[in-house]
Amino acid sequence: MTTTATPRTSSTAPPEPRAINLARTTATATRVLRQLRHDPRTIALMILIPCLMLLLLRYVFDGSPRTFDSIGASLLGIFPLITMFLVTSIATLRERTSGTLERLLAMPLGKGDLIAGYALAFGAIALIQSVLATALAVWALGLDVTGSAWLLLLVALLDALLGTALGLFVSAFASSEFQAVQFMPAVIFPQLLLCGLFTPRPDMHPVLEGISNVLPMSYAVDGMNEVLKHTDVTAAFVRDALIVAACALLVLTLGAATLRRRTA
């Protein structure tokens, strides 16, 4: 008597696609943007809050325009980083806890496609945010900048992308939206205190100066200050911009490593 072997169903996860696919990445970004479209409060937080903060800051220093000029450029990069960190960490956490990310990874979708799609979607919002904030600061609030406003926009956009990358990464370590917000004092506040906004970094205690030298927000502030003081693109500005961009790419890579595929 001949028996027919029953095919065995594999319980292993689908193979990881080896390269980022443009179609899969674009589809992921489109899905995220479609979801954000139905959340006007989140869109308002990402786009309008940095502008409102700059407007408030301008009139806080209404009697001292030079003070606004000295710190306004730095905050033009810091505000987008903070808002994109908050929104991205919470939005990504919702998809992690709801099982959406796990279901997507059960499909033939690479981790790189997923992270790149999220970065592309939030990066589009970050671009709008940075354009509006830069235009408001330079042309409406009279921020006195020696260099090109386009360079300010570039650093502001890189800062927003860095905030997006940090938000994607820390969402892996939170189990609730409240915990995601709690990461802000640990991730953002130390950088804010040590970035050189309140005092020049060389004037800090040597230990704190050493820590500030490895924090990406320090180079974001340095890059803004280069645009504030110099008419031409300096070597220091190029270095600062590349460091911020490299940090964003590194954190996105670490964020991809936190994703897990289903094995059943």
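Along segment 130-147 the Karplus relation, 6.51 cos²θ - 1.76 cosθ + 1.60 evaluated at θ = phi - 60°, assigns HN-Hα couplings of 5, 4, 5, 5, 5, 4, 4, 5, 7, 9, 9, 9, x, 4, 7, 10, 6, x Hz to successive residues, with x for each Gly and Pro.
On the chain, 66 percent of the accessible area sits on carbon and sulfur atoms, based on a 1.4 Å probe. Based on the Stokes-Einstein relation at 20 °C and a viscosity of 1.002 mPa s, and on the Kirkwood radius from alpha carbon pairs, the chain is assigned a translational diffusion coefficient of 109 µm²/s. In the chain, a dipole from Cβ-located charges (positive for Lys and Arg, negative for Asp and Glu) runs towards its positive end, and of THR92, PRO206, LEU242 it is THR92 whose Cα lies farthest in that direction. Computed from the C-beta positions of ILE43 and VAL233 and an R0 of 35 Å, the FRET efficiency is 0.60 to the nearest 0.05. Taking trypsin sites (Lys or Arg not before Pro) in DSSP loop conformation with at most 11 other Cβ atoms inside 10 Å as exposed sites, the chain has its longest uninterrupted site-free stretch at 19-264. In sequence order, segment 49-63 has phi-based couplings of 4, x, 5, 5, 5, 5, 5, 4, 4, 4, 8, 5, 9, 4, x Hz under the Karplus curve 6.51 cos²θ - 1.76 cosθ + 1.60, θ = phi - 60°, and Gly or Pro positions carry x. Over the chain, accessible surface divided per residue gives 52 Å², non-protein components excluded, 1.4 Å probe.
Computed extension gain for VAL207 through ARG34, at 0.36 nm per residue and net of the alpha carbon distance, reaches 57.7 nm. Using only side-chain charges placed at the Cβ, +1 for Lys and Arg and -1 for Asp and Glu, the dipole size of the chain relative to its Cα centre rounds to 1260 debye. The Cα atoms of segment 86-214 give a gyration tensor whose axes a ≥ b ≥ c have a/c of 1.5 or more with a/b no greater than b/c, which makes the shape oblate. P(r) tail for segment 20-65: Cα pairs beyond 12 Å make up 71% of the total. Of the Cα atoms belonging to segment 30-105, the radius of gyration and Dmax stand at 16.8, 56 Å. In the chain, the longest principal axis of the Cα atoms and the axis of helix 216-229 are about 40 degrees apart. Dividing the convex hull volume of the alpha-carbon atoms in segment 111-181 by its residue count gives 104 Å³ per residue. About its Cα centre, the dipole of segment 78-221 is roughly 280 debye, where the only charges are +1 on Lys and Arg Cβ and -1 on Asp and Glu Cβ. Our coupling estimate for segment 182-188, obtained by passing each phi through the Karplus curve with A = 6.51, B = -1.76, C = 1.60 and θ = phi - 60°, is 5, 6, 4, x, 7, 9, 9 Hz, Gly and Pro reported as x. Loop-located chymotrypsin sites (Phe, Trp or Tyr not before Pro) in segment 173-249 (DSSP state other than H, G, I, E, B) with a sparse environment of at most 13 neighbouring Cβ atoms within 10 Å: PHE198.
The values are calculated or read from the model by the stated rules, or taken from the named source; none is laboratory data. Remember, predicted model here, so these are calculated numbers, not experimental data. In this analysis, Cβ positions are derived from the backbone assuming ideal geometry, glycine residues included, and neighbour counts consider all displayed protein chains. Areas reflect the complete protein model, heavy atoms only, side chains present, ligands, DNA and RNA absent. Shrake-Rupley method; radii C 1.70, N 1.55, O 1.52, S 1.80 Å.
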